[in-house]
Amino acid sequence: MQIRRFEPRDFGAVVNVILPIQRDEFGFDVTVDDQPDLRIIPEFYQRDLGEFWVAEADGRIVGTIGLVDIGAGLAALRKMFVAAEWRGHEHGTAAKLLGVLLATARERGIRAVYLGTTDRFLAAHRFYEKNGFAEVARSDLPASFPVVFVDTKFYVHRLDA
């Protein structure tokens, strides 16, 4: 498995990882059209200090993660999804994706990475907490943080500490 920068040809495969998790695993009635950032990944994520990566195994996209520059040395982690069969310690897909994101954020001078998630993603909460994220109140988010309608729980990972 390798982690690499998103390329426009990856669009369909990225959607095929994200939508089934959102819809089938967590029951969100959501489409690609409800997530306009997916149609403009280079313009939305791969600008300024941001980036978007995919995890690829055997020629297939099995995971995604995005870093959005929200200004003032801050960023948002978005679209972290790993196909069910590529989750867990044996593959380390999520850890590798997050490791690349945090290393890149540090290299680019980002001081803190924020994320929003739903209260349904319990395994994700444990993963984020194990990897240095601390829960924060919605009221403590930077004004530039892009809250998504399903977000009910928020975290920050401070890189300048």
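The values are calculated or read from the model by the stated rules, or taken from the named source; none is laboratory data. It should be emphasised that the depicted structure is a prediction, and the values quoted were computed from it without experimental measurement. When we count neighbours, we look across all protein chains shown, and the Cβ atoms used for this are built from the backbone with ideal geometry, even at glycine. Side chains are part of the model used for accessible areas, which takes the heavy atoms of the whole protein and leaves out ligands, DNA and RNA. Shrake-Rupley method; radii C 1.70, N 1.55, O 1.52, S 1.80 Å.
Table for the structure above
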read-out: Members of segment 91-106 found to be more than 25 Å from R47 (Cβ to Cβ) and either outside any helix (DSSP H, G or I) or touching a Gly at 6+ places or on another chain (Cβ under 9 Å) (or both), listed by number; value: H91, G92, T93
read-out: Checklist (1) out of contact with any Leu (no Cβ under 9 Å at 6 or more places or on another chain); (2) in a loop (DSSP other than H, G, I, E, B) applied to G109, failing item; value: (1)
read-out: Enumerated strands (runs of 3 or more DSSP E) restricted to segment 1-90, each holding at least 2 residues that are open to solvent by less than 50 Å² (accessible area, probe 1.4 Å) and under 18 Å from F149 (Cα atoms); value: 60-71, 74-82
read-out: Selected residue (criterion: nearest to Q35 (Cα to Cα)) from residues of segment 147-161 that are in a loop (DSSP other than H, G, I, E, B) and open to solvent by 80 Å² or more (accessible area, probe 1.4 Å); value: F149
read-out: Residue pairs meeting the criteria (Cβ under 7 Å; at least 6 apart or on separate chains; first among the hydroxyl-bearing types (S, T, Y), in segment 27-40; second surrounded by 13 or more Cβ atoms within 10 Å (Cβ to Cβ) and not in a helix (DSSP H, G or I)); value: none
read-out: Flag if T93 is touching a residue at least 24 places away in the same chain (Cβ under 8 Å) and either among the aromatic types (F, W, Y) or surrounded by fewer than 21 Cβ atoms within 10 Å (Cβ to Cβ) (or both); value: no
read-out: Residues being more than 13 Å from the chain's Cα centre (by Cα), among the hydrophobic types (A, V, I, L, M, F, W, C) and either surrounded by fewer than 18 Cβ atoms within 10 Å (Cβ to Cβ) or not in a loop (DSSP other than H, G, I, E, B) (or both) - total across segment 112-146; value: 7
